[in-house]
Every structure is written in structure tokens, then in C-alpha cells.
Amino acid sequence: MKKIAVLTSGGDAPGMNAALRAVVRSAIYRGLQVLGVKKGYNGLIEGNMVEMDVSSVADIIHRGGTILGTARSDEFKTEEGIEKALDKLRVLEIDGLVVLGGDGTMRGALELSKRGIPVACIPCTIDNDLGYTDYAVGFMTATETVADAISRLRDTSSSHGRANVVEVMGRRCGDIALYSGLAGGAETIVVPEVAFDLDALLRKVLRGKNRGKRHHIIVLAEGAGNPYEISEAIQKTAEMETRVTILGHVQRGGTPTVFDRIMASQMGSMAVDLLYNGEKDRAIAINCNKIVSVPIEDALKTQKLFQHELLETAGMLAI
Ligand code: ATP
């Protein structure tokens, strides 16, 4: 192993830069040459890469986003696209690849590993929808951002006696809503993993209003319900003025939390060690506070389990 490449792909996640820094510096420490691939798998197909040195990752550990850029590459999902990428890897004599991203990125990595390229994957996605790892890099930062937004909305909602429906990201995974809702003391958390009961929500809003509560915060995972319909129902049935806040892409940016930076640094370093030690097909995880690795296919097959007991705790504390 003499030369490796690293890329960031899919949605950006805070902490990707910290992981990238760890990959580049660990590789250099091991005496390896490192290429940074621009804009995900598109850069691999086009051979859009730059040599990385110690200073090319200076001053980025605390920055959100990814200095390499990221993309969703449809071409890489085709056999021709994969062949083009393989060609570039061969021509540039790249012996191994580290990829940072979510489940789609790992599926792409699996295709390369099946064709003989040693690959190590670092889970980076704010959605936390990967079942094989307790946490993905970026999730805790996004959750912190949402919890902060909830606190701000709570201030203004209480002042006016309003309800607020806060829509958060997560695709099909309710973890951002669950964790930020619990941390933010939301009255109701709506996630795709649990059937939504509008009548129960309306009863709860009314109960709260009748005992003098000044606000009602509903954290709604995207796709788990229509925020405007919920808002209308509350205004009509509970006669409580209601606002809708769609947090959107602010959840993706910002300086990564200490937790994400440390996890990203450990994972980046492990990714290089795995390749350096001849491993060919690894997905890195944090499980029970330990950084471990599993075959990529096993990682992708592991079902994501929703923490129902955490939702119950949140519900119990928001009576
Ligand atoms: P996030 O969870 O933040 O959305 P992600 O990595 O899951 O991140 P995707 O857009 O699903 O984001 O995947 C990123 C890229 O990985 C895709 O644009 C595509 O280039 C590649 N990819 C996804 N699935 C496959 C596949 N089955 N085969 C080859 N490449 C794939």
C-alpha cells in the first residue's frame, strides 16, 4: 500500500472535514501518498483529484461541510460509470480508497470493493439512518442545531401562547426528531417509525392549554406528517394559534460538536490503519462507545432499529 485516495459523497455532514483531516494526516504519518477526490464519485469518474499534504487539511477540524465538495453521482450508479472510476484508480495507481458518506455512498463503495479495490467507509450522515453503527458523524451536530432552534422557538411561542410545528430532517429515520425533541423538551415528537395519531395530539394540546401551558412544541420528522395540516387542525380544534417552522438546510451546516470531531478523528485514523494492514472491505462504526469495523455488505444489511423506549421517556416527561 503506497497511495490511497479519499472522497466525500452524498449529503454533507458536519464532521466530514475532521474525518478528512484524520485520514490525510494518518496516511502521511504512515508514509502513504494521499489524493483528495473532488465532488464524490463524479471526481473519481473524471479523475478530478488533488494531492493532499499536511497543510491541505489545516484549520478544518472545526468547519462544517467538506473541503473536497460532495455530489450525488447518477453516472456512478451505472456499470460504465464504475468502469470509468476503476480505470482512473488503475491509471493513477491508487491502492485503496476511503469514502465518507451515508448508505448510498457505502453501496457505491461495495461495488468498488467487489471489483478488487480495497475500501474503508466512514459513516457520515446527519440522518443517523445506518443500522450498523450507534451514531454517524454529523448526527449529533445536527441534533444540537435543532435542539437550539427548539429552545429559541419555545421562547417566542411561550410569549405569544402559541403552538409550533417544527419540521426536521432525517428522511425515513426519526432520530433527529427523537433526540432533539427529547433534548429540547418538546411536547410531541412525530416520527415515521410510529403511526401518527392526530386526535391524540389534539387532545394533548387541549389538555396542556387547559392547565395553563403557554406553548406546545411539536417536532415533526420530515415525511411523517404534513406540518401545515397539523397546524390547521390545532388552530381549529384546540383554538391555539400555531406556526410552522421548516428548519431545512441549516441542520446540515455549522461547526461540528466535540463528540462528532472526536469520533471523526478516530474513524479517519482507523480507516487508514485498516487499509494499511491489508483489509479490503470495511465499514467503520461506533458501538457501545468502541470504534469497530465490519464488512460493508454486513453494514448495509443491518436493520436500523428505532429507540422506542427513548420516545416513551420523552412522552412521559412531556405530560
Ligand atoms: P445521505 O445519507 O446524506 O443522503 P448518502 O451517501 O446515502 O448520504 P446518496 O445520494 O444515497 O447519499 O448516495 C451518494 C452517492 O453514492 C450516489 O449519488 C451515487 O453516486 C452512489 N451510489 C448510491 N447507491 C449506489 C449503488 N447502488 N451503486 C453505485 N453507487 C451508488
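The values are calculated or read from the model by the stated rules, or taken from the named source; none is laboratory data. This is a predicted model, so every value here is computed, not measured. Methodologically, a virtual Cβ is constructed for each residue, glycine included, from the backbone with ideal geometry; neighbour enumeration extends over all protein chains shown.
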- From the residues in region 1-33 that are in a loop (DSSP other than H, G, I, E, B) and out of contact with any helix residue (DSSP H, G or I) (no Cβ under 6 Å at 6 or more places or on another chain), which one is nearest to the ligand (Cβ to nearest atom)? GLY11
- Of all residues in region 296-319, count the ones that are farther than 30 Å from ILE218 by Cβ, surrounded by fewer than 16 Cβ atoms within 10 Å (Cβ to Cβ) and not hydroxyl-bearing (Ser, Thr, Tyr). 3
- Message: Cβ-Cβ distance below 9 Å, separation of 6 or more or different chains: which pairs start in region 67-85 with a residue that is farther than 29 Å from ALA22 by Cα and β-branched (Val, Ile, Thr) and end on one that is in a helix (DSSP H, G or I) and within 12 Å of the ligand (Cβ to nearest atom)?
- Response: none
- Message: Please count how many residues of region 290-319 are modelled with pLDDT of 95 or more, outside any helix (DSSP H, G or I) and either of a type outside the set (Gly, Ala, Ser) or in contact with a His (Cβ under 6 Å, 6 or more places away or on another chain) (or both).
- Response: 11
- Query: Across region 94-152, which residue is farthest from the ligand (Cβ to nearest atom) among those that are within 21 Å of ARG252 (Cβ to Cβ) and without any contact (Cβ under 8 Å) to a residue 12 or more places away in the chain?
  - Reply: ARG152
- Item | Matching residues, region 78-115, being among the hydroxyl-bearing types (Ser, Thr, Tyr) and surrounded by 19 or more Cβ atoms within 10 Å (Cβ to Cβ) | THR105, SER113
- Query: So which strands (runs of 3 or more DSSP E) stay within region 187-270 end to end and still have 2 or more residues that are within 30 Å of ILE286 (Cα to Cα) and at pLDDT 95 or above?
  - Reply: 188-190, 216-221
- Message: Can you find a residue that is part of a loop (DSSP other than H, G, I, E, B), more than 12 Å from the ligand (Cβ to nearest atom) and either in contact with a strand residue (DSSP E or B) (Cβ under 9 Å, 6 or more places away or on another chain) or farther than 23 Å from ILE126 by Cα (or both) anywhere in region 70-89?
- Response: no
